[in-house]
Amino acid sequence: MQSALEQVSSSSASLNDVEDLKNGIVALKKKLEEMDKNPSASATKYIPPANLTIASPIQKQAKKHIIINSHYKYKPKYILTEETKEYLRSPTFDNWAWDENELFGLFEFMFEDMNLLKEFSIDVETLRKFLISIRDCYNNNMFGILNVTEVVHKLKPIDKLILILSTIGHDLDHPGFNNAFQINAATDLAIIYNDISPLENHHAAVLFTILGNSETNVLANVSDAVYREARKNIIRCILATDMAKHGEIMAAFKKASETFNYEDTEHKSLLLQMIIKCSDISNEVRPTEISEPWVEALLNEFFTQSDTEKAQGLPTAPFMDRDKVTKAGAQVGFIGYVMIPLFELASKVLPNMEKTIIQPIKDSLTYYKVMLEKTPK
């Protein structure tokens, strides 16, 4: 029987050519050096060079996300009512209630509502193909958080573009095993990224590989300067979702919040990171009947990993061990020690969070505390 480690390795089989990756990185560095020597290039439209590979092994891994061959036909666009649009803007949005085609329409509306199609000359058909390629990454509350806090009115178009692309790309090609497993099992991802946020680095790499495909490149018509700013901050936002960086980001944002200035580029970058961190773990903002299925799915993922770690003789985190943790116990700890402090800190800069976002999280904490009390010891 194939070992669990072999299964993980096979899921990353297309990444085993480390030499190709090195060559791709060297080519990319040379290209960036050429761009730095030619400042006038910043005024030109960004076009991915035909002979430049970001990293051929990662491109191979990303192929399954860009299967949009000639047989592909986008289904009729879902017609959104005003009521649906308002619901989508709320943090309680229920993704379970929509089929795949409807979700495509909802995400397309987000781009339209934030005026990103016009602002960045995004071709609608290209956007639709892009959404098809990342169709498994729609469980996120970023849009609701932006609208509830009204920060959407304070952000520049480039900031909104960064957030929406970071949000839909931050979990691309997730293998179901976290960074600790990647590092302890010495997987291809851990080796390629030197044990530094291997998953988040991979998510970002796959996203930009998809964006490097002409059929799915929603950044095809932006200037080189806009592309470079977007890429830099999208990578920062995706890397910020690594919980190993949680304390560092919290400390930096706490300091920035004391004198926060939207015109300060570092303050703005930290805010974008905080928004994506909040949206990434915002499940408990939604009603229990919407949020609980995601909790169950996450716990099952944890248990599968811990079972595999035990079988392979690898370290196992107590909060992922089915023999040591309960759903209620896990939720009480996570909500109380991670979620609430994160959202309360974010609220120092983002207004209107207490009633619509923070209070529902506190209600969820109460719900799981009651459940924990009833759980057999």
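The values are calculated or read from the model by the stated rules, or taken from the named source; none is laboratory data. Nothing here was measured: the structure is a model prediction, and the numbers come from that model. Cβ coordinates were reconstructed from backbone atoms using ideal geometry, including for glycine residues, and neighbour counts include every protein chain displayed.
Scanning the range 331-357 for residues that are in a helix (DSSP H, G or I) and modelled with pLDDT under 95 gives MET353, GLU354, LYS355, THR356, ILE357. The residue that is surrounded by the fewest Cβ atoms within 10 Å (Cβ to Cβ), counting only those in the range 331-349 that are within 16 Å of PHE260 (Cβ to Cβ) and touching a Phe, Trp or Tyr at 6+ places or on another chain (Cβ under 7 Å), is LEU345. Tell me which residues, restricted to the range 353-377, are closer than 24 Å to TYR87 by Cα, surrounded by fewer than 18 Cβ atoms within 10 Å (Cβ to Cβ) and of a type in the set (Ser, Thr, Tyr). Matches in the range 353-377: THR356 only.
Among residues of the range 192-211 that are under 17 Å from ASN178 (Cα atoms), those with a beta-carbon under 6 Å from a residue that is aromatic (Phe, Trp, Tyr) at least six positions away or on a different chain give the pairs ASN201/TYR193. Among all residue pairs at least 6 apart or on different chains, which show Cβ distances below 6 Å where the first residue, located in the range 81-100, is at negative phi and the second is modelled with pLDDT of 75 or more and in a helix (DSSP H, G or I)? That search, which allows pairs on different chains as well, returns LEU88/LEU106; PRO91/VAL285; PRO91/ILE357; ASP94/ILE290.
Can you say whether THR187 is under 25 Å from ARG286 (Cα atoms) and in contact with a helix residue (DSSP H, G or I) (Cβ under 7 Å, 6 or more places away or on another chain), as far as the supplied structure shows? Spell out how you get there, then give the answer.
Values: under 25 Å from ARG286 (Cα atoms): no; in contact with a helix residue (DSSP H, G or I) (Cβ under 7 Å, 6 or more places away or on another chain): yes.
Criteria not met by THR187.
The set of residues from the range 241-283 being among the small types (Gly, Ala, Ser) and either surrounded by fewer than 19 Cβ atoms within 10 Å (Cβ to Cβ) or closer than 15 Å to SER347 by Cα (or both) comprises ALA244, GLY247, ALA251, ALA252, ALA256, SER257, SER279, SER282.
Report, by residue number, each residue of the range 116-138 that is surrounded by fewer than 18 Cβ atoms within 10 Å (Cβ to Cβ) and modelled with pLDDT under 95. Steps first, please.
Within the range 116-138, the first condition is being surrounded by fewer than 18 Cβ atoms within 10 Å (Cβ to Cβ), and the residues that meet it are 117-119, 121, 123-125, 135-136, 138.
Within the range 116-138, VAL124, GLU125, ARG135, ASP136, TYR138 meet the criteria.
Looking at the range 288-304, can you tell me whether even one residue there is in contact (Cβ under 8 Å) with a residue 40 or more places away in the chain, buried (at least 20 other Cβ atoms within 10 Å of the Cβ) and over 20 Å from the mean Cα position of the chain (by Cα)? Within the range 288-304 (the criterion being in contact (Cβ under 8 Å) with a residue 40 or more places away in the chain, buried (at least 20 other Cβ atoms within 10 Å of the Cβ) and over 20 Å from the mean Cα position of the chain (by Cα)), the answer is no, since none of the residues qualifies.
If the condition is being farther than 29 Å from SER306 by Cβ, buried (at least 17 other Cβ atoms within 10 Å of the Cβ), without any contact (Cβ under 8 Å) to a residue 60 or more places away in the chain and not β-branched (Val, Ile, Thr), then the range 156-191 contributes only LYS160.
Scan the range 299-330 residue by residue and report those that are outside any loop (DSSP other than H, G, I, E, B), under 16 Å from THR375 (Cβ atoms) and touching a Leu at 6+ places or on another chain (Cβ under 9 Å). Answer for the range 299-330, where residues must be outside any loop (DSSP other than H, G, I, E, B), under 16 Å from THR375 (Cβ atoms) and touching a Leu at 6+ places or on another chain (Cβ under 9 Å): LYS327, ALA328, GLY329, ALA330. A count restricted to the range 199-231 and to residues that are assigned to a helix (DSSP H, G or I), modelled with pLDDT of 95 or more and either of a type in the set (Ser, Thr, Tyr) or at positive phi (or both) stands at 1. Step by step: first the residues of the range 144-192, then only those that are in a helix (DSSP H, G or I), within 15 Å of MET114 (Cβ to Cβ) and in contact with a Pro (Cβ under 9 Å, 6 or more places away or on another chain), then the one that is modelled with the highest pLDDT. Which residue is that? Ranking the candidates gives VAL151 first. Please go through the range 232-288 and give me each residue that is more than 23 Å from ALA180 (Cα to Cα) and in a loop (DSSP other than H, G, I, E, B), ordered by number. GLU258, THR259, PHE260, ASN261, TYR262, GLU263, ASP264, ARG286, PRO287, listed by residue number.
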